[in-house]
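The values are calculated or read from the model by the stated rules, or taken from the named source; none is laboratory data. Quick caveat, the model's predicted, so the values are computed rather than measured. Cβ: placed from backbone, ideal geometry, glycine included. Neighbour counts: every protein chain shown.
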Amino acid sequence: MYQFGEEIRHRACVRCKKVDYSRSKFCETCLLKNHEEKNGICLECKQINTGNNWCKTCNSKRFQQNFDNWTSGNDDIDKFIQNTQLSAENCFQKLEWIPYDRFINPKYISEGGFGKVYRATWKDGYISHWDTRKNQWGRSNVNKFVALKSLNNSQNITLEFVNEITSHLKVHDIKSPDEVIKCYGISLDPKTKEYIMVMNYAKMGNLQNLLNDRSKRLHKSYQIAIKLDQDFDLNLQTWKYKLDILCGISSGLKKIHGKRLIHRDLHIGNIVCNSSHPCITDMGLCKPANYHELENENNKYGVLSYLAPEILRGQDYTQASDIYSLGIIIYEVISELPPYYNIAHDELLALNICEGLRPEFNIKVPQLILHLIKGCLDADPSNRPRTCKISRTFLAWAQEINRHAMSRKNHVMNIDNQAELTKTELIEQIEEVEKINRSSLNNSSLTNQMHPKAFYKSRSFDFKDLPEPKNSDDYYETYENISSKIYSGNTLKSENSDLELLRIDK
């Protein structure tokens, strides 16, 4: 029933072409038909499946019948896992309790701010459907690697915390999106008694490792390309590669925000790579599991250099603060440098950030891209762009480079074609900055040294009396760098001749 004064929207169903008053592109009848064609009919209750080979009604009953046969040892965790199993509309929206002895050969990988990460083989694999022939759960990814994220001091974990760290289950509407890491269930380390998140294993590790490896390969290729006068083609490949990465990350964050969720701890250590695809992980894991037991339980947590100025001042996390963190990641992917690597990460840095300081590029960047970064890092959260706009922009830029590369190839092959190759604004800007960057590279002997007090793990902070956030005075007027604000403190620079790769701990 429409209320008085409400705008009545009507459109033709894209399938049957009948006029419909819903907000969906399908009418109700065609929507049901689509679900039936996509998901099939349940063989037991004869209703349309809620997911691929998944009937919520029947499967929730099967889960419920098994509730008495397992326990995590924590009533809150038991209830939470049971709730996900009763409400799951597909196999990606539920969690399982997984006994630790179902894992083979756990191997330590890394340590983050609030836990350690291991790799192990999961004997069983995750529940994917009900096998009607065998009358038992069907499973996928049997004997495959999974990531085990142990949570420090989680012996007395609360329902509130479990709710936060598993909030990304809501992202998995129809299938598990490639851009967000899947969480399969929860386990318990029998030795430490710490709880473990069982997640999809990203075989390429975190994004920083991938960028470091590719940087080494590109450096060798670049030297060869200069000799063959093909350096611009290689530069285009590099920009395309980075834009593809940023398109994937922003697309994943768009899915998270589309579910009205907030990541809260977005930094490059929480971007992992499965093959060459970046995936967002550790949603909600922005504070220790036992934060409610700590003396200052209301403290904020995070990686300081990625946090928006309003968060540093103690305000609540928002989708706009996620956008700020994304802006720092964009800077890092393009520059291949950690943010504020030569500055101590302390209250003085927090104060400078509130006064308009932003990471500084050591290379020239196309103005179009720099403008997007400036928008993401705007001191006013209401001025930051939404993820849908950011992901569309990166996709359009990547496609633009693809089209130009194809046109360039065809133009070179067509010897008789004397017409000048048409270039877009982005391509022209890339050409311009790469000429400057090439010259700077040849004339520069400076290298980058990490400040001993630059930390890239989540930590507690409670800064007092930080100033109201603002941009530098000429923020959108000058495009020499992100900000013209100069750090008011000591920075660390090095003039060693050997290149030192800067590494970031997850």
Does Gly314 satisfy being outside any loop (DSSP other than H, G, I, E, B) and modelled with pLDDT of 85 or more? no
Run down Glu89, Glu96, Glu111 and say which single residue is of a type outside the set (Val, Ile, Thr), assigned by TED's automatic domain parsing to the domain that holds Pro190, exposed (fewer than 15 other Cβ atoms within 10 Å of the Cβ) and in contact (Cβ under 8 Å) with a residue 24 or more places away in the chain. Glu111
Looking only at the range 315-349, filter to residues that are crowded, with 21+ Cβ neighbours inside 10 Å and among the charged types (D, E, K, R); which one of those is farthest from Gly375 (Cα to Cα)? Glu332
Let me confirm something: among Leu377, Leu351, Leu326, which residue is over 26 Å from Ile245 (Cα atoms) and in the same structural domain as Glu434 (by TED's automatic domain parsing)? Leu351
Of those in the range 119-136 that are within 20 Å of Lys193 (Cα to Cα) and in contact (Cβ under 8 Å) with a residue 60 or more places away in the chain, the residue surrounded by the most Cβ atoms within 10 Å (Cβ to Cβ) is Trp122
Of the residues that sit in the range 195-207 and are out of contact with any Leu (no Cβ under 6 Å at 6 or more places or on another chain) and of a type outside the set (A, V, I, L, M), which one is surrounded by the most Cβ atoms within 10 Å (Cβ to Cβ)? Asn206
Going through Asp465, Asp416 one at a time, which residue ends up being at positive phi and at pLDDT below 95? Asp465
Residue list for the range 335-371, filter: of a type in the set (A, V, I, L, M) and over 22 Å from Lys435 (Cβ atoms): Ile343, Ala344, Leu348, Leu349, Ala350, Leu351, Ile353, Leu357
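Residue-by-condition table, conditions (1) under 25 Å from Lys144 (Cα atoms); (2) part of a helix (DSSP H, G or I); (3) not acidic (Asp, Glu):
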{"residue": "Asn59", "(1), (2), (3)": "yes, yes, yes"}
{"residue": "Gly73", "(1), (2), (3)": "no, no, yes"}
{"residue": "Thr84", "(1), (2), (3)": "yes, yes, yes"}
{"residue": "Ile109", "(1), (2), (3)": "yes, no, yes"}
{"residue": "Ala120", "(1), (2), (3)": "yes, no, yes"}
Consider Leu326 against the criteria (1) part of a loop (DSSP other than H, G, I, E, B); (2) modelled with pLDDT of 90 or more: it satisfies all of them except one. Which criterion is unmet? (1)
Does the range 335-366 hold any residues that are among the β-branched types (Val, Ile, Thr) and at pLDDT below 95, and which are they? Ile343, Ile363
Show the residue pairs that are 6+ apart or on different chains and have beta-carbon atoms under 8 Å apart, the first residue being within the range 418-435 and in the same structural domain as Leu236 (by TED's automatic domain parsing) and part of a helix (DSSP H, G or I), the second being surrounded by fewer than 14 Cβ atoms within 10 Å (Cβ to Cβ) and at pLDDT below 90. none
Run down Asn402, Asn437, Asn481 and say which single residue is out of contact with any Ser or Thr (no Cβ under 8 Å at 6 or more places or on another chain), surrounded by 11 or more Cβ atoms within 10 Å (Cβ to Cβ), modelled with pLDDT of 90 or more and within 26 Å of Tyr241 (Cα to Cα). Asn481
Those residues that are touching a residue at least 60 places away in the same chain (Cβ under 8 Å) and crowded, with 17+ Cβ neighbours inside 10 Å, I need them from the range 43-52; list them, please. Gly51
Hey, among the residues in the range 1-42 that are of a type in the set (A, V, I, L, M, F, W, C) and exposed (fewer than 12 other Cβ atoms within 10 Å of the Cβ), which one's modelled with the highest pLDDT? Val19
Residue count, the range 373-397 (criterion: without any contact (Cβ under 8 Å) to a residue 60 or more places away in the chain and crowded, with 20+ Cβ neighbours inside 10 Å): 1
Of all residues in the range 333-381 being assigned to a helix (DSSP H, G or I) and among the charged types (D, E, K, R), which is nearest to Trp239 (Cα to Cα)? Lys374
Need pairs with beta-carbon distance below 6 Å; first residue at pLDDT below 80 and among the charged types (D, E, K, R) and within the range 229-241, second buried (at least 17 other Cβ atoms within 10 Å of the Cβ) and in a helix (DSSP H, G or I); sequence gap 6+ or separate chains. Asp231/Ala225
